[in-house]
Each structure stands twice: as structure tokens, then as C-alpha cells.
Amino acid sequence: MFSKVLIANRGEIALRVLRACKELGIQTVAVHSTADADAMHVRLADESVCIGPPPATESYLNIPSIVSACEITGAEAVHPGYGFLSENARFADILEAHDITFIGPSGDHIRVMGDKIRAKETAAKLGIPIVPGSSEGVEDDEATAALAKEIGYPVLIKAAAGGGGRGMKVADGPDDLSRALSTAKSEALKAFGDDAVYLEKYLGHPRHIEIQVLGDGKGAAVHLGERDCSLQRRHQKVWEEAPSPGLNASERVHIGNVAAKAVADMGYSGAGTVEFLYENGEFYFIEMNTRVQVEHPVTEAITGIDIVVEQLRVAAGAPLALRQDQVTFSGHAIECRINAENAQTFAPSPGQITYYHPPGGLGVRVDSAVYQGYTVPPYYDSLIGKLIVHGRDRVECLMRLKRALDEYVVDGVQTTIPLFQDLVGEPAVADGAYDIRWLEQFLAERAAPAS
Ligand code: MV4
């Protein structure tokens, strides 16, 4: 095992990784921007290095500064958390060239999955069902129109370098295709510096189902079941749960085994997530994430497996100690992302937390790096905490969630806690009868109620 790990992140995930390191007896190095000098991850780490000014491009995304911080402190490995450099293949390659272990998959696996066309092609070869569509990039020509006609409208144009929903354009019919293609291309060029786009059948009301996987890079892999992340606003997840209220037991076992086998065959190393859209009993691969995700605790709650500890073990060269039959599922878990935002408008609400009281009790976990007196800086994402609740079944989980939300007090900044208090009382949420369209529709109706 490593003796010293540098954590190239901030906020709750930096603390999450730090805790796993402590349990494994690993020394920790925090890095921080000048805006985060008072942050909890800096206080709790064994050592810390200031890596630049507040803008992330000059600090948390500053590769030379982070490599220097490793050399100064003698860190043997870097955990990137999520966001920032976590899916940057060049960063993984640079660390390797410096004999520093990137705690994650190889640069090549990150690169393949970062190109959404190559990701789909790879998934299809590995036996994963994909959304019907183009097998390559498309241009505005007769071949594209013919393919769209064959697949059937509506179709969706997506950026190859995209992901996260940016630059997607729907074409409802043939007259719409040329416009969708050209706007998608110009937006992709602007956002990613790459105008390659591809075409898919548009699914109207799917659920977002993702499978958590762990591979050891030596051909062994397991899945830890699915998470349902259908409740999103502007491509930001709001509420995640496991198991999905929309799947039955045989679908769950089937798609989990498909994902685990693919990851094993790829020789993938570390934690990953295989993302699907699920509609009318069918799964369609859309993307694979090659990092630990924000919502990993819901899987930890129902499996008892510490995903970050497993990432550290595998990165240190240990074979996967888990066999699929040792992964068991118990009960139900829900995560709410608590943001420092206005719960109606979602306007960011940075500032000082003047009073802070997180909830507790049986089945309640709060992953947060804030404390009373802490000032939420305006430079980064507005996540201030994740409330993860576990129950023996979904009904118990919802009861506990409602209670925990009522107990959570954050003064001085606005938070999205009131949104979750509304959501737990909504019949569609209580019944688990939602899809990827439901939340935006709910928020639109709530903002402008029909008279
Ligand atoms: C889709 C889709 C419908 N049909 N692909 C959005 C982000 C990216 N990861 C994939 N996304 C979508 N891809 C096809 N062929 C609808 C979405 C989508 C979505 C997906 C998951 C969760 C929320 C969403 C919100 C809007 C659109």
C-alpha cells in the first residue's frame, strides 16, 4: 500500500478520500487554492500545499503545480476525486511519466471513454447494448439524412467530445435535421474545440440508470448494482437512489453482469460507472465515467463496500479481493445534494455559514466539508453537503429522509434543503414513478402554476 497520497481536490470529496486514507494508515497531502486556506480538508490532512489563486484553472487544474506538490512532499500517488483533473488522460499520463500513481484507470481508458463515439464503439464490441445511431461522426449530408430516416425521428445530435448533455440537439423530422446538425457542430466547437458530432435515436422518457463497477486491471471486475439518477436539473443530478424503483430483480442482475464482464474484458482498473438510459424494459449505453462519482455513497450504503478504499487498494496493485457472489445488497438508500443555492431560483448563495447542525441517527450519513463559521467561496461548485439515508426498504428510507431534512439546519446561506422537503412529499417521488423529464416539469409548474 502507498505510504503517502496527495488529494488533488477540495470540499467533501477531498475529505471523503482523506478518511479512506486514514483508515488504511496512509499519510495525506492536501492541496488548496488561496481561497481554501481555511478548508476542512486542509486542516485534517497531515500536510498541505498551496497550489495557486482561487480560479480552478490556476490551482485545482494546474498540473505543474500539483506534480510539484507531489515532488516536494514525496507523495507516491494522487487521488483526483471527481471533476477537476479526474478524467484528464493527459494528467494520468504525466503522473505516470513522473513515477507517481494516478488513482484511477489508465490514460488510455480515460481517453477512449472521453470520446463518446469511441466509447460507444468500445461498449458495443464488449457486448453492451447501445442506443441505435451512427457508428461514426456525422456531417450534414445525404448519408446522415438516410440514417436518421432509417432509425426513425426524433433523433438526437450529440458532441463526440461532450457528455453531461452540453451541445445536444433534437431533430423532430427531416426538415429539422440540417439545423440541428449545424447548431450542434458550432456549439461543440465552441464548448470543446472539436466539432465532431454523432447521431442517436432520441428516447423521450427514459430513466437514467448507472452501474457501479470495480476492476483490478488484471481481468477481474465486479459490479455493485445500479443507481437511479433520473432526477436532474440542467444535467445536474439532484437526487440519486439505489436500487432503482424502476427495475426488477432479473433486469438488475442482467445489466450488472453485462457491465462487469465488459469492464473485466477491457482490463479496466479502478472504480467506474457505466451509464444507461432505460426505457420500455431496454437498456441503452450512453457513456462511461472513469472516476468515483458524487453519488457513490448510495451504493456504499446498500453494499457496505467502501468504494474509495477499493480504489486505493487496486491502484496500489492489489488484486480485487471481492468476488461477485460476495457483493450483497441490503435495503434502500437515497442521496440528496445540498447546494448553497436558492431553492426556487437555484441562484448561488455563497457566504458565511453562521449556524450549522447536520442531522444524525440511524441510517443517516452526511458527507460535507463545511462547519459553523465556514465561508462558502464563490469560485467553485455550490455543493455543501450530501445527505445519504439508508433504510431496510424504500418506505423506511423516505421516512428517515424526511426526518433528517427537518433536522438539518444551515443558517447564513440559502440551501436546497426546502426543495427536498417538497420532493419527499410528491406522489411521483414517493412512488418512484419518475423519469429524466419529471423534475424539470415539476420545477416549471412550481415556478408558474397553471391557474
Ligand atoms: C439522451 C437522451 C435521450 N435520447 N440520449 C443527457 C446527458 C448525457 N449524459 C446523455 N443525456 C441524454 N441522452 C438519447 N439518445 C436524453 C438525455 C438527457 C438526460 C439523460 C439522463 C439524465 C437526464 C437527462 C436530461 C435531459 C436529457
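The values are calculated or read from the model by the stated rules, or taken from the named source; none is laboratory data. Keep in mind that what you see is a predicted model, and the values were worked out from it rather than measured. All Cβ positions, glycine included, derive from the backbone under ideal geometry; neighbour counts span all protein chains shown.
Some observations on this one:
- Hits in the stretch 65-85 (condition: in contact with a helix residue (DSSP H, G or I) (Cβ under 9 Å, 6 or more places away or on another chain) and either not assigned by TED's automatic domain parsing to the domain that holds Cys21 or not hydrophobic (A, V, I, L, M, F, W, C) (or both)): Ser65, Glu76, His79, Pro80, Gly81, Tyr82, Gly83
Every residue, every condition in (1) under 30 Å from Asn248 (Cα atoms); (2) in contact with a Ser or Thr (Cβ under 9 Å, 6 or more places away or on another chain), yes or no:
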position	(1), (2)
Val314	no, yes
Asp325	yes, no
Tyr355	no, no
Arg365	yes, no
Tyr371	no, no
Tyr374	no, no
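- Residue match in the stretch 348-358 (condition: aliphatic (A, V, I, L, M) and assigned to a strand (DSSP E or B)): no
- For Gly193, the test of being farther than 30 Å from Gly281 by Cβ and either in contact with a Gly (Cβ under 9 Å, 6 or more places away or on another chain) or not charged (D, E, K, R) (or both) is passed.
- Matching option when the condition is out of contact with any strand residue (DSSP E or B) (no Cβ under 8 Å at 6 or more places or on another chain) and more than 25 Å from Leu401 (Cβ to Cβ), among Ala259, Ala264, Ala220, Ala196: Ala220
- Within the stretch 312-332, the presence of a residue that is outside the structural domain of Ala89 (by TED's automatic domain parsing) and under 18 Å from the mean Cα position of the chain (by Cα) is excluded.
- In the set Gly193, Gly215, Gly219, only one residue is crowded, with 19+ Cβ neighbours inside 10 Å and either in the same structural domain as Gly281 (by TED's automatic domain parsing) or away from the ligand (no atom under 14 Å from the Cβ) (or both); that residue is Gly215.
- Any hit, the stretch 154-165, residues being away from the ligand (no atom under 16 Å from the Cβ) and either at pLDDT 95 or above or surrounded by fewer than 17 Cβ atoms within 10 Å (Cβ to Cβ) (or both): no
- Residue match in the stretch 140-147 (condition: within 15 Å of the ligand (Cβ to nearest atom), surrounded by 16 or more Cβ atoms within 10 Å (Cβ to Cβ) and assigned to a helix (DSSP H, G or I)): yes
- Residue within the stretch 103-116 that is within 16 Å of the ligand (Cβ to nearest atom), on the phi > 0 side of the Ramachandran plot, part of a loop (DSSP other than H, G, I, E, B) and touching a residue at least 12 places away in the same chain (Cβ under 8 Å) present: no
- For the condition surrounded by 14 or more Cβ atoms within 10 Å (Cβ to Cβ) and in contact with a helix residue (DSSP H, G or I) (Cβ under 8 Å, 6 or more places away or on another chain), Leu362 does not qualify.
- Cβ-Cβ distances below 6 Å connect the following pairs, each with a first residue in the stretch 268-292 that is within 24 Å of Ile13 (Cβ to Cβ) and within 10 Å of the ligand (Cβ to nearest atom), a second residue that is assigned to a loop (DSSP other than H, G, I, E, B) and of a type outside the set (A, V, I, L, M, F, W, C), and a separation of six or more residues or different chains: Glu287/Gly163.
- The lone exception for Leu126 - which of (1) surrounded by fewer than 19 Cβ atoms within 10 Å (Cβ to Cβ); (2) of a type in the set (A, V, I, L, M); (3) within 11 Å of Glu200 (Cα to Cα) it fails: (3)
- Selected residue (criterion: nearest to Arg313 (Cα to Cα)) from residues of the stretch 183-222 that are among the hydroxyl-bearing types (Ser, Thr, Tyr) and within 24 Å of the chain's Cα centre (by Cα): Tyr198
- Every condition in (1) more than 16 Å from the ligand (Cβ to nearest atom); (2) over 30 Å from Asp38 (Cα atoms); (3) crowded, with 18+ Cβ neighbours inside 10 Å; (4) not hydrophobic (A, V, I, L, M, F, W, C) is met by Asp435 except one, and the failing one is (1).
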